[in-house]
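Enquirer: First, the structure itself, so that you have it in front of you.
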Amino acid sequence: MANYDYDLFVIGAGSGGVRAARLAALSGARVAVAEEHRVGGTCVIRGCVPKKFMVYASEFAHSAKVAEGYGWSESQASFDWKRFLAAKDREIARLSGIYVTNLNNAGAEVIHGRAKLVDAHTVEVEGKGVFTTEKVLIATGGRPWLPETLPGVEHAITSEEAFHLLELPKRIMIAGGGYIAVEFAGIFAGLGVDTTLVYRGANILRGFDDDVRAHVTDEMKKRGVKIVLGCQHERIEKTEACIVNHMNSGAAIETDLVMFATGRAPYTAGLGLEAAGVKLAENGAVAVDAYSKTSVENIWAVGDVTDRINLTPVAIREGAAFAQTEFYGNPTTFDHDMVASAVFSQPPVGSVGLSEADARHKHGKIDIYLSRFRPMKTTFYGGDERCLIKLVVEQGSERILGCHVVGPDAPEIIQMAAVALKMGVTKPQWDSTCAVHPTLAEELVTMREKHVPQGLGAAA
Ligand code: NDP
């Protein structure tokens with residue numbers, strides 16, 4: 001057997017890489033993890049975690065309005081962006097430190113620097129040296145993608161810069177209609193920025209249930225976000241006074257900051273994958289099998305770089321499954337079915353399973369249970385925000401195929417719904433669960449009347 005420096009060399013200390021490295025090291029393996037930025041990856045450093053702090057920060061303005069309806073006097077509260085950023089950065093540094101400590105405690109070695117494969121068993125880390133390894137795990141995640149040919153796109157920022165703005169703009173235009181665009185639109189609008197979201201399609205959040213998409217659009221508008229649909233960007237022009245976004249409709253939006261949230265691409269550039277013989281899929285992602293193994297016998301890949309389901313908990317489970325398989329003699333795959341997700345829009349979305357349109361397509365006959373209502377907290381103060389709760393049920397088997405919630409705490413609610421759907425719950429079993437009163441979620445188990453849609457759920 002060859003004498004390698006390490007049993008496992010992980011490239012990328014994000015969610016998937018760190019979990020795999022820790023588990024492998026705890027098995028007694030000699031593990032190194034290379035990271036070119038800070039340990040923690042997209043989720044901790046420039047994604048989910050700081051984003052959620054920004055969502056929290058931005059929700060207080062709305063809460064203050066609600067508070068008045070509950071008897072509080074109008075307050076003169078003001079928001080200090082710089083103070084928030086400093087607090088956010090302190091917390092991110094603390095969390096990143098915990099990741100490093102956990103890796104060290106598990107016995108994995110963190111090597112700071114940019115790594116690339118020299119061949120299938122050799123990794124070079126810039127400024128640190130060349131190391132040999134029996135196995136390699138690629139966990140380099142993704143990077144924001146922008147339409148590079150769009151004239152003036154260099155004037156746009158991405159979510160990465162949005163976490164470090166020196167000051168809040170008066171106006172922002174956000175391009176895209178996915179998770180990041182919708183979440184940041186809510187954040188900026190909540191923080192008092194005049195926010196316009198421009199999306200090329202007929203409705204935002206493609207891939208989500210059509211009722212959810214329409215509902216979120218309406219509710220975001222109620223919170224002051226301007227949403228422009230069906231528009232493509234033609235050019236971005238920077239003038240002395242502002243930035244102008246010209247669209248194919250002939251309209252132009254004047255703004256102070258343009259942010260593109262037009263997707264993320266697998267981060268494989270300069271990794272030396274060709275040198276090692278690792279094959280990429282057509283979309284540029286590292287191609288892997290169910291065990292996350294690449295086309296090369298001793299190289300695996302997990303997380304966003306494989307572009308399966310690009311969510312932190314999925315990367316963690318893929319990393320854990322890899323470690324179980326390779327270091328504990330326990331062949332494990334992660335089941336990518338029925339993975340719940342949340343959009344931290346305002347109001348937020350929680351969703352698991354199939355949309356109505358996908359369920360019709362895959363299962364034919366389905367029943368829909370749908371409820372739109374004003375939650376009691378809103379009714380009390382006379383607000384007009386509405387929640388949406390929807391179940392998609394297969395006729396015959398009565399199995400619940402999809403559950404969708406829009407409203408306060410939807411991400412918390414959907415986690416528990418996901419347990420039941422993953423277990424294959426039927427509507428009668430679901431309905432036999434007694435409600436918790438008074439809650440928003442009780443509506444989930446009290447919907448008895450089938451909803452008859454006006455025409456079938458239109459696919460995007
Ligand atoms: P998404 O893939 O979710 O959305 C990209 C958006 O950009 C879509 O609306 C897409 O339109 C639009 N778009 C793509 N290309 C162009 C173009 N050339 N011109 C105009 N619009 C364009 O990516 P995000 O960047 O929002 O997020 C990346 C990933 O990160 C997500 O897929 C998600 O997995 C993950 N994420 C998860 C979060 C969570 O769990 N809460 C939060 C943030 C990110 P179209 O729909 O027409 O393709």
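Enquirer: Let me know the charge dipole size of the range 202-242 about its Cα centre in debye, to the nearest 20, where only the beta-carbon of Lys, Arg (+1) and Asp, Glu (-1) is charged.
Expert: 140 debye
Enquirer: Sticking with this one: Restricting to Cα pairs below 8 Å that are 6+ residues apart, what does the relative contact order work out to for the range 95-162? Please round to a whole percent.
Expert: Computed value for the range 95-162: 15 percent relative contact order.
Enquirer: OK, next. Work through the residues other than K128 whose Cβ is under 15 Å from its Cβ and net out their charges, Lys, Arg +1 and Asp, Glu -1.
Expert: -4
Enquirer: Show me, for the range 117-123, the HN-Hα J-couplings you get by feeding each phi into the Karplus relation (A = 6.51, B = -1.76, C = 1.60, θ = phi - 60°), rounded to Hz, glycine and proline as x.
Expert: 7, 8, 8, 5, 10, 10, 10
Enquirer: Just to confirm my numbers, what's the Cα centroid distance between the range 359-394 and the range 97-165 in Å?
Expert: First find each Cα centre; the distance between them is then 41 Å.
Enquirer: Here's another thing I want to ask about it. Would you mind putting 295-305, 66-76, 334-344 in packing order, based on average other-beta-carbon counts within 10 Å, highest first? Let's see the in-between values first.
Expert: On the way: 295-305: 24.5, 66-76: 10.4, 334-344: 17.9.
In decreasing order of mean packing, 295-305, 66-76, 334-344 become 295-305, 334-344, 66-76.
Enquirer: I would also like to ask the following. Positive end of the charge dipole of the range 278-426 (Lys, Arg +1 and Asp, Glu -1 on Cβ, about the Cα centre): tell me which of G329, H361, T379 has its Cα farthest that way.
Expert: T379
Enquirer: Another one. In degrees, nearest 10, range 0 to 90: what is the angle between the Cα axis of helix 312-327 and the longest Cα principal axis of the chain?
Expert: Result, in degrees: 30.
Enquirer: Mind giving me the FRET efficiency for A214 and Y291? R0 is 30 Å, r the Cβ-Cβ distance, nearest 0.05 is fine.
Expert: Efficiency, from the Cβ-Cβ distance: 0.15.
Enquirer: Continuing with the same structure: Taking a 19 Å limit on the Cα-Cα distance, which of the listed pairs K51/K82; K52/K238; K82/K170; K221/K390; K390/K450 fall beyond it?
Expert: K52/K238; K221/K390, as the Cα separations exceed 19 Å there.
Enquirer: Shifting gears a bit: For the charge dipole of the range 1-58, defined by +1 on Lys and Arg C-beta atoms and -1 on Asp and Glu C-beta atoms about the Cα centroid, which residue among S58, V10, T42 has the Cα displaced farthest towards the positive pole?
Expert: In the range 1-58, that residue is S58.
Enquirer: Treating cross-link reach as a plain straight distance, find the aspartates and glutamates whose alpha-carbon is under 12 Å from the alpha-carbon of K128, omitting any fewer than eight places away in the same chain.
Expert: By straight Cα distance, K128 reaches E35, E36.
Enquirer: Residues with amide H under 5 Å of L137's amide H, sequence separation 5 or more or different chain, H placed in the peptide plane at 1.01 Å from N; which?
Expert: F9, V10, I11, W300
Enquirer: Over the Cα atoms of the range 236-344, compute the convex hull volume and normalise it per residue, giving Å³.
Expert: Details: hull volume 19.1 nm³, N = 109.
With only Cα atoms used, the range 236-344 gives 176 Å³ per residue.
Enquirer: Another question, if that's okay. Just to verify a number: FRET efficiency for T239 and E449, C-beta to C-beta distance, R0 = 51 Å, to 0.05?
Expert: Between T239 and E449 the formula returns 0.35.
Enquirer: So, with +1 on the Cβ of K and R and -1 on the Cβ of D and E, and no other charges, what is the size of the charge dipole of the range 323-460 about its Cα centre, to the nearest 20 debye?
Expert: Charge dipole of the range 323-460: 360 debye, to the nearest 20.
Enquirer: Something else now. Of S292, C403, A320, whose Cα points farthest to the positive end of the dipole of the chain (charges on the beta-carbon: +1 Lys, Arg; -1 Asp, Glu; origin at the Cα centre)?
Expert: About the Cα centre, the residue reaching furthest to the positive side is C403.
Enquirer: Would you mind checking the radius of gyration and Dmax of the range 116-253 based on alpha-carbon positions, in Å?
Expert: Answer for the range 116-253, Rg first and Dmax second: 19.8, 58 Å.
Enquirer: Using per-residue counts of other Cβ atoms within 10 Å, averaged over each peptide, order 135-143, 265-273 from highest down.
Expert: 135-143, 265-273
Enquirer: Between Q232 and H361, take the C-beta separation as r, use R0 = 22 Å, and let me know the FRET efficiency to the nearest 0.05.
Expert: The computed FRET efficiency comes out at 0.20.
Enquirer: Would you kindly calculate the translational diffusion coefficient of the range 17-143, applying Stokes-Einstein with the Kirkwood radius from alpha carbon pairs, for 20 °C and a viscosity of 1.002 mPa s, and quote it in µm² s⁻¹ without decimals?
Expert: On the way: Rh = 17.4 Å.
Diffusion coefficient, whole number: 123 µm²/s.
Enquirer: Extension gain A269-A2, at 0.36 nm per residue separation less the Cα-Cα distance, in nm? Please list the in-between numbers first.
Expert: Values: separation 267, 0.36 × 267 = 96.12 nm, distance 2.89 nm.
Gain in length upon complete extension: 93.2 nm.
Enquirer: Which lysines does K135 reach when only Cα atoms under 28 Å apart count, and residues fewer than 8 places away in its own chain are ignored?
Expert: Excluding near neighbours in sequence, the set is K116, K279, K293.
Enquirer: Okay, moving on. Report, in debye and to the nearest 20, how large the dipole of the chain comes out about its Cα centre when Lys and Arg carry +1 and Asp and Glu carry -1 on their Cβ.
Expert: Once rounded to the nearest 20, the dipole reads 560 debye.
Enquirer: Run the numbers for K377 and Y70: contour at 0.36 nm per residue of separation, minus the present Cα-Cα distance, in nm.
Expert: Taking 0.36 nm per residue and subtracting the Cα distance, the gain is 109.6 nm.
Enquirer: Additional query: Straight distance only, please: which aspartates and glutamates reach the Cα of K362 with their own Cα at less than 13 Å, same-chain residues fewer than 8 apart left out?
Expert: Filter leaves E394.
Enquirer: Would you please give the residues with an amide H less than 5 Å from that of G152, counting only those at least 5 places away or on a separate chain, with H modeled from the backbone geometry?
Expert: Residues meeting the amide H criterion: I236.
Enquirer: For a quick check: with amide H placed at 1.01 Å from N, whose amide H comes under 5 Å from G142's, ignoring anything fewer than 5 positions away on the same chain?
Expert: Y267
Enquirer: Which whole-number percent gives the relative contact order of the chain, counting Cα pairs below 8 Å spaced six or more residues apart?
Expert: Relative contact order, the chain: 16 percent.
Since every read-out is calculated from the coordinates, none of them should be taken as a lab result. It should be emphasised that the depicted structure is a prediction, and the values quoted were computed from it without experimental measurement. Methodologically, a virtual Cβ is constructed for each residue, glycine included, from the backbone with ideal geometry; neighbour enumeration extends over all protein chains shown.
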